[in-house]
Amino acid sequence: MDAGRAVSKVVSGHDYSSGHAMSPAINVELLPIATAFADTRLQAEWDALVDHASEPNPFVERWYVKAALHVAEGADVRLAVVRDGRLLGLMPLVWQKGYAGVPVVHVQNWLNHNAFLGTPLVRQGFEQLFWRSLLNSLDQATTGGLFLHLTGLQISGPVTRSLLKTCLEGQRQCAQVHLEERALLERGLSPEAYLAATLRGKKRKELRRQQNRLAELGRLEFERAEGGEGLDNWIDEFLALERRGWKGINGSALDCADSTRDLFRGALHGAASDGKLELLALRLDGRAIAMLVNFLTPPGAFSFKTAFDEDYARFSPGVLLQIYNLALLEREGILWCDSCAAQDHPMIDSIWSGRRAIGRYSVAIGGPVRRAAFAALLFAEKAKGRLRQINAEKAHKANEMSL
C-alpha cells in the first residue's frame, strides 16, 4: 500500500439502519494513521463519536490509539472511517503478511499486546450499515488481503451481532475461530455483599488477617486518584514496581522497552485529559506495594494494568487492592468492569464472578476467487483444529488408562 494515499469509496446511497431510501451516500476511507491525526476535524468527530457509540472501547479511542503508535513498529496502520455526512464508525486496520503459519496477506483490526478489546467504535443504531459499508469497500479495494480477521470482539455485544447478521444476509462467509472468557465485574450488589457472595468466609477471614498483619508493619493506606497533579510521578512509581517483579525478570515489563513505556505514559495522560482515568494504590508508609489502573468509559470500565510488590506476596497486596476496587460497584454511571485479564486468571477469577466472552472472527472479502481461496483456508484451519482436539482426547484417554 502507498502510505501517502488515502483510499476512499462511495459504497451506498441507502440508509440500511432505518429503511429510508436515499440517505446521504456512504463514504469509506482508509486513511494512513498519520493523515488521520493531522486532521483536526476528524479528531473532534472521533472524540464526539465516543459519546454515541453502541459499545465503549477505550482501546479504539483517539487518545489510546495515538499512544499506541509508539509500538506500531513501522506497521502501515490505516484508520477505516465510515461516514454518511457524519461519522458513523471507525476502526484501525493493518495488513498482515502471515496467518497461522501460512504466508497469506490479510486485513486485520490493529491491536497491540497492551490493548484488550478490538471492537470498533460505531454509532448506536448504525452497526449493520457500518459493517456493510466497510466490507463492501474492502471487497472493491485494490490494497489486497485475502480476508478480514477481527480480533478481540465482545461476542454478545451489538457490534458483533450486527457483523454476523450482516454476513448472513449478504451470504458472506464468517467464522468464529477463537473464543475465550475473562472475568467481569457486574453491578447489582454492594461491595460487601458481592465479596460475601464470591469468597468463602474462610478466605475472607484470611484476607482480613493478612491486612491486619500488613498494618502492623507500618502505616497502611488505600489511595484513589484521577490522574491530575503528580501523574508522572505515579507512572514512574508504577513502572518501577512492575519492573521489580517477575515481568522485569523475563523482560515483559512495560519499563523494559522505550515503546511500551511511552505507550503507558501516553495512554494514562490521554485518559486523564478526557476524565477517564482512575488510579488505585495500596501504600505502606507512603510506598506503593500494589497499584492498579482503570479506564472509566461509561457505562463500563476497563482494568488496564496492575502490579504489586512481590516482597509482600505473603500478605496478598494485589488481592487487597482488588477488594478496595469493588467500590466500582457503587460508582455512578459504571455498570460493569472488564478485567482485561487472561482466561482462568487465578486471582481475579476468584473475586469477580461474571464472565465476558471475547472472540476472533475471519470474514470473507473480495470476489469469487478470493472467497474460494478463503473458504479453502478456513476448511484447513478447522480440520487442523479437529485434529488437535482428537489428539488431545487420545492423550487424555491414554493417561486415564495408565492410572
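The values are calculated or read from the model by the stated rules, or taken from the named source; none is laboratory data. Treat the numbers as computed from the prediction; the structure is a model and nothing was measured. Cβ sites come from the backbone with ideal geometry, for glycine too, and all protein chains shown count toward neighbours. These area figures cover heavy atoms from the full protein model, side chains too; ligands, DNA and RNA do not enter into them. Shrake-Rupley method; radii C 1.70, N 1.55, O 1.52, S 1.80 Å.
Results, tabulated for the structure shown:
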read-out	value
Residue in the stretch 369-389 that is modelled with pLDDT of 95 or more, surrounded by 21 or more Cβ atoms within 10 Å (Cβ to Cβ) and of a type outside the set (A, V, I, L, M) present	no
Residue within the stretch 134-144 that is more than 28 Å from Ser353 (Cβ to Cβ), touching a Ser or Thr at 6+ places or on another chain (Cβ under 8 Å) and polar (S, T, N, Q) present	yes
Residue pairs meeting the criteria (Cβ under 8 Å; at least 6 apart or on separate chains; first closer than 16 Å to Pro92 by Cβ, in the stretch 121-137; second among the charged types (D, E, K, R) and in a strand (DSSP E or B))	Phe130/Arg123; Ser137/Lys9
Contacts under 8 angstrom Cβ, first residue in the stretch 139-155 being among the aromatic types (Phe, Trp, Tyr), partner surrounded by fewer than 19 Cβ atoms within 10 Å (Cβ to Cβ), 6 or more apart	Phe147/Arg370; Phe147/Leu377
Residue match in the stretch 193-215 (condition: open to solvent by less than 80 Å² (accessible area, probe 1.4 Å), farther than 24 Å from Gly354 by Cβ, in contact with a Lys or Arg (Cβ under 9 Å, 6 or more places away or on another chain) and in a helix (DSSP H, G or I))	yes
Failed condition for Arg287, given (1) under 20 Å from Pro58 (Cα atoms); (2) free of Cβ contacts under 8 Å to residues at least 40 places away in the same chain; (3) over 17 Å from the mean Cα position of the chain (by Cα)	(1)
Among residues of the stretch 192-224, those that are more than 22 Å from Ala288 (Cβ to Cβ), touching a Leu at 6+ places or on another chain (Cβ under 8 Å) and touching a residue at least 60 places away in the same chain (Cβ under 8 Å), counted	4
Matching residues, the stretch 290-319, being open to solvent by 10 Å² or more (accessible area, probe 1.4 Å), assigned to a helix (DSSP H, G or I) and touching a residue at least 24 places away in the same chain (Cβ under 8 Å)	Glu310, Tyr312, Arg314, Phe315, Gly318, Val319
Residue ID - nearest to Leu111 (Cα to Cα), chosen from residues in the stretch 123-134 that are out of contact with any Leu (no Cβ under 7 Å at 6 or more places or on another chain) and open to solvent by less than 30 Å² (accessible area, probe 1.4 Å)	Leu134
The one condition in (1) loosely packed, with under 10 Cβ neighbours inside 10 Å; (2) among the charged types (D, E, K, R); (3) at pLDDT 95 or above that Arg360 fails to fulfil	(1)
Residue count for the stretch 243-287, restricted to those that are more than 25 Å from Arg331 (Cβ to Cβ) and surrounded by 21 or more Cβ atoms within 10 Å (Cβ to Cβ)	3
Counted residues, the stretch 90-111 - those being open to solvent by 10 Å² or more (accessible area, probe 1.4 Å) and more than 20 Å from Arg356 (Cα to Cα)	13
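Listed here are the residues, each with its yes/no results for (1) of a type outside the set (Asp, Glu); (2) over 15 Å from the mean Cα position of the chain (by Cα); (3) within 20 Å of Ala141 (Cβ to Cβ).
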position	(1), (2), (3)
Glu55	no, no, no
Phe59	yes, no, no
Trp63	yes, no, no
Ala67	yes, no, no
Glu73	no, yes, no
Arg86	yes, yes, no
Trp95	yes, yes, yes
Ala100	yes, yes, no
